[in-house]
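Trainee: The structure under discussion is supplied below as structure tokens; questions concerning it will follow.
The values are calculated or read from the model by the stated rules, or taken from the named source; none is laboratory data. Everything quoted here is computed from the prediction, not taken from an experiment. Virtual Cβ from ideal backbone geometry, glycine too; neighbours counted across all protein chains shown.
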Amino acid sequence: MSSPLPPEGLEVGAASFALASAPILTLIVLMLGLLWSRSRAGLAGLLAAMAVAWVRFGAGGEVLLAALVRGSLASLPVLYIIIPAILLFHVAEAAGGIRNIGWSVWEMTQNHILQLMILVFGFTSLL
């Protein structure tokens with residue numbers, strides 16, 4: 001299979017950097033500027049990334065599909081951690097545990113910086 005890139009490789013310059021930044025900028029503008037939902041903005045960012053990869057960097061359909069599958073599979077270990085954490089948070093919230101943690105920290109000190117440090121040290125120890 002022949003590469004659409006020149007033999008000396010792809011020129012890395014301001015234009016390449018700007019185009020490679022386009023998907024991230026798309027997400028920022030759509031979510032913060034236009035207040036799109038994360039699902040809609042994420043899909044638009046994915047489409048922007050695929051368009052840039054196809055138009056500027058010469059990625060074909062096979063490469064784009066492989067990248068999409070690899071990216072999806074790479075997200076599974078993260079989801080394996082995030083989904084139970086969200087479930088645990090909702091269970092703790094329903095049981096009143098989050099409110100109790102906040103109340104307990106407030107009773108220890110009224111200094112907001114110390115409260116923050118207590119929460120940070122407490123929650124990072126769970127990691």
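Trainee: Looking only at region 59-80, how many residues end up being surrounded by 14 or more Cβ atoms within 10 Å (Cβ to Cβ) and farther than 16 Å from PRO23 by Cα? Working first, answer last.
Mentor: Residues of region 59-80 surrounded by 14 or more Cβ atoms within 10 Å (Cβ to Cβ): 59, 63-64, 67.
Remaining after also requiring farther than 16 Å from PRO23 by Cα: 63.
Result for region 59-80: 1.
Trainee: Being at pLDDT 95 or above and among the small types (Gly, Ala, Ser): is that true of GLY33 here?
Mentor: Values: at pLDDT 95 or above: yes; among the small types (Gly, Ala, Ser): yes.
Judged against the criteria, GLY33 is a match.
Trainee: Right, another one. Go through region 109-124 and give me each residue that's in a helix (DSSP H, G or I) and surrounded by fewer than 11 Cβ atoms within 10 Å (Cβ to Cβ). Full working, then the answer.
Mentor: Filtering region 109-124 for residues in a helix (DSSP H, G or I) gives 112-124.
Those that are in a helix (DSSP H, G or I) and surrounded by fewer than 11 Cβ atoms within 10 Å (Cβ to Cβ): HIS112, ILE113, VAL120, PHE121, PHE123, THR124.
Trainee: Next question, about the same structure. Among all residue pairs at least 6 apart or on different chains, which show Cβ distances below 8 Å where the first residue, located in region 39-55, is at negative phi and outside any helix (DSSP H, G or I) and the second is modelled with pLDDT under 95 and not aliphatic (A, V, I, L, M)?
Mentor: That search, which allows pairs on different chains as well, returns nothing.
Trainee: If SER39 satisfies all but one of (1) exposed (fewer than 10 other Cβ atoms within 10 Å of the Cβ); (2) over 23 Å from the mean Cα position of the chain (by Cα), what's the number of the condition it fails?
Mentor: Only one criterion in (1) exposed (fewer than 10 other Cβ atoms within 10 Å of the Cβ); (2) over 23 Å from the mean Cα position of the chain (by Cα) is unmet by SER39, namely (2).
Trainee: Of the residues in region 30-68, how many are under 27 Å from GLU11 (Cα atoms), out of contact with any helix residue (DSSP H, G or I) (no Cβ under 7 Å at 6 or more places or on another chain) and among the hydrophobic types (A, V, I, L, M, F, W, C)?
Mentor: Total satisfying the criteria: 10.
Trainee: Then there's this: Restricting attention to region 108-127, and to residues there that are under 23 Å from the mean Cα position of the chain (by Cα) and β-branched (Val, Ile, Thr), which single residue is nearest to LEU88 (Cα to Cα)?
Mentor: My answer is THR124.
Trainee: Still on this structure, I have one more. Restricting attention to region 69-99, which residues are out of contact with any helix residue (DSSP H, G or I) (no Cβ under 9 Å at 6 or more places or on another chain) and either more than 19 Å from GLY42 (Cα to Cα) or touching a residue at least 40 places away in the same chain (Cβ under 8 Å) (or both)?
Mentor: Those that are out of contact with any helix residue (DSSP H, G or I) (no Cβ under 9 Å at 6 or more places or on another chain) and either more than 19 Å from GLY42 (Cα to Cα) or touching a residue at least 40 places away in the same chain (Cβ under 8 Å) (or both): PRO77, TYR80, ILE81, PRO84, ALA85, ILE86, LEU87, LEU88, HIS90, ALA94, ALA95, GLY96.
Trainee: Among the residues of region 104-112, is there at least one that is aliphatic (A, V, I, L, M) and farther than 30 Å from GLU11 by Cα?
Mentor: Yes, some residue in region 104-112 is aliphatic (A, V, I, L, M) and farther than 30 Å from GLU11 by Cα.
Trainee: Further question: Restricting attention to region 42-57, which residues are over 18 Å from ARG70 (Cβ atoms) and more than 16 Å from the chain's Cα centre (by Cα)?
Mentor: Of everything in region 42-57, those that are over 18 Å from ARG70 (Cβ atoms) and more than 16 Å from the chain's Cα centre (by Cα) turn out to be ALA51, VAL55, ARG56.
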